[in-house]
Amino acid sequence: MTDYLKLFEDIVNTNNPEVYQEKVSRVIEHLKKKKKVLFLTTSNRWEGDKEKPKSTLLAEFIKSKVGDTVELIDVSKLNIYCCEGNVSKKDGNNCGVKEAVLKDKEKNPSGNHRCWASINNKDDELWKVSKPLFEADAVVFFISIRWGQTNSVYQRLIERLDWIENRYSTLKEDNIIKDKDVGIIAVGQNWNGANVIETQKQVLDFYGFNLVDDLCFNWQYTKDTLDESQKSYKDASKAFEKVFGIKV
């Protein structure tokens, strides 16, 4: 159920350094107890742009505080094909069936990776996410909010991981991620970030992860959805630096 009080607090305290530094501290404290952590960043820039996305900077900052137990993967740099929609074919849900296992010991040492798109596209790189994901104790997604939703890189990734959920929900096999802590952290400008986080928390919980509230939060510069002035966008970077103590 959506915690509307928490959503309201996120909006009111958007640029309160104490509030967000406390949120970051809770993330760090939780992850320091884990043996292996996976950070998946999904926001992108042109490869020649020296300025990194704010959500990526936040991921790198938290990684520096947690330590070498964290592996950070920039998903936007991977060649991940679109989901083929095998969950909704006329003969039923064919996503994640045993016949879809990726037969490659290097890419799929656990034998858990089952995705037709990985088989049908030899250069697909979803395995570069699934392999460390199955090895990790905790996974945190870092996203940007674009047009009131998750960015397209995250959306493509989460759709391609659908076979993990299908294994236990539709195929009635074991939930292979039930003991993996998961969180999601978003950075946005002016619209709908808190609601996006609540929706994605439900998605990750539905997938079968162990959802940890302390690993989830949204930072949005302004609650004025109509403010798209140049000043607002420039001030957002300054506010981010002030709130998190991270240079953009």
Regarding region 147-169, can at least one residue be identified that is surrounded by fewer than 15 Cβ atoms within 10 Å (Cβ to Cβ) and touching a residue at least 60 places away in the same chain (Cβ under 8 Å)? no
Could you tell me which residue of region 135-158 is farthest from the chain's Cα centre (by Cα), considering only residues that are within 24 Å of K178 (Cβ to Cβ) and aliphatic (A, V, I, L, M)? A136
Identify, please: which residue in region 20-73 is small (G, A, S) and assigned to a loop (DSSP other than H, G, I, E, B) and is, among those, nearest to K242 (Cα to Cα)? S43
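Quick one: in region 148-174, of everything that is among the hydrophobic types (A, V, I, L, M, F, W, C) and assigned to a helix (DSSP H, G or I), which residue is nearest to S43 (Cα to Cα)? Before you say what the answer is, go through the steps one by one.
Here is the first cut: in region 148-174, the residues among the hydrophobic types (A, V, I, L, M, F, W, C) are 153, 157-158, 161, 163-164, 171.
From the residues that got through so far, the ones that are assigned to a helix (DSSP H, G or I) too are 153, 157-158, 163-164.
Numbers: V153: 7, L157: 12, I158: 14, W163: 23, I164: 23 Å.
The extreme case among them is V153.
Residue-by-condition table, conditions (1) crowded, with 20+ Cβ neighbours inside 10 Å; (2) closer than 29 Å to K33 by Cβ:
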site: I73; (1), (2): no, yes
site: E106; (1), (2): no, no
site: A117; (1), (2): yes, no
site: K131; (1), (2): no, yes
Restricting the first residue to region 29-45 and requiring it to be among the basic types (K, R), which pairs with a second residue that is surrounded by 18 or more Cβ atoms within 10 Å (Cβ to Cβ) and assigned to a strand (DSSP E or B) meet a Cβ separation below 8 Å and a spacing of at least six or different chains? K34/A138; K34/D181; K36/A138
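Is there a residue being within 18 Å of E198 (Cα to Cα), modelled with pLDDT of 55 or more, in a loop (DSSP other than H, G, I, E, B) and hydroxyl-bearing (S, T, Y) anywhere in region 12-19?
Here is the first cut: in region 12-19, the residues within 18 Å of E198 (Cα to Cα) are 12-14.
Applying the additional criterion that residues be modelled with pLDDT of 55 or more yields 14.
Applying the additional criterion that residues be in a loop (DSSP other than H, G, I, E, B) yields 14.
Then drop every residue that is not hydroxyl-bearing (S, T, Y), which leaves 14.
Yes, some residue in region 12-19 is within 18 Å of E198 (Cα to Cα), modelled with pLDDT of 55 or more, in a loop (DSSP other than H, G, I, E, B) and hydroxyl-bearing (S, T, Y).
Pick from I145, I119, I177: which is in a helix (DSSP H, G or I) and of a type in the set (A, V, I, L, M)? Steps first, answer last, please.
On the way: I145 fails: in a helix (DSSP H, G or I); I177 fails: in a helix (DSSP H, G or I).
Exactly one of I145, I119, I177 is in a helix (DSSP H, G or I) and of a type in the set (A, V, I, L, M), namely I119.
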Give the residues of region 185-212 that are within 20 Å of N175 (Cβ to Cβ) and assigned to a helix (DSSP H, G or I), sorted by residue number. Q200, K201, Q202, V203, L204, D205, F206, Y207
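Results for (1) under 15 Å from the mean Cα position of the chain (by Cα); (2) under 15 Å from L215 (Cβ atoms), shown as yes or no for each residue.
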{"residue": "E29", "(1), (2)": "no, yes"}
{"residue": "K35", "(1), (2)": "no, no"}
{"residue": "L38", "(1), (2)": "yes, yes"}
{"residue": "E47", "(1), (2)": "no, no"}
{"residue": "K52", "(1), (2)": "no, no"}
{"residue": "L57", "(1), (2)": "yes, no"}
{"residue": "G67", "(1), (2)": "no, no"}
{"residue": "N79", "(1), (2)": "no, no"}
Looking across region 29-45 at residues that are within 12 Å of V140 (Cα to Cα) and not β-branched (V, I, T), the single one that is surrounded by the fewest Cβ atoms within 10 Å (Cβ to Cβ) is K36
Taking the stated definitions as given, is I246 in a helix (DSSP H, G or I), closer than 25 Å to K77 by Cβ, in contact (Cβ under 8 Å) with a residue 40 or more places away in the chain and of a type in the set (A, V, I, L, M)? no
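Please pick out the residue among G183, G208 that is farther than 16 Å from A59 by Cα and touching a helix residue (DSSP H, G or I) at 6+ places or on another chain (Cβ under 8 Å). Quick ask: steps written out before the conclusion?
On the way: G183 fails: farther than 16 Å from A59 by Cα.
Sole residue among the options that is farther than 16 Å from A59 by Cα and touching a helix residue (DSSP H, G or I) at 6+ places or on another chain (Cβ under 8 Å): G208.
The values are calculated or read from the model by the stated rules, or taken from the named source; none is laboratory data. Every value quoted in this text rests on a predicted model; they were computed, and no experiment measured them. Positions of Cβ are backbone-derived with ideal geometry, glycine not excepted, and every protein chain shown enters the neighbour counts.
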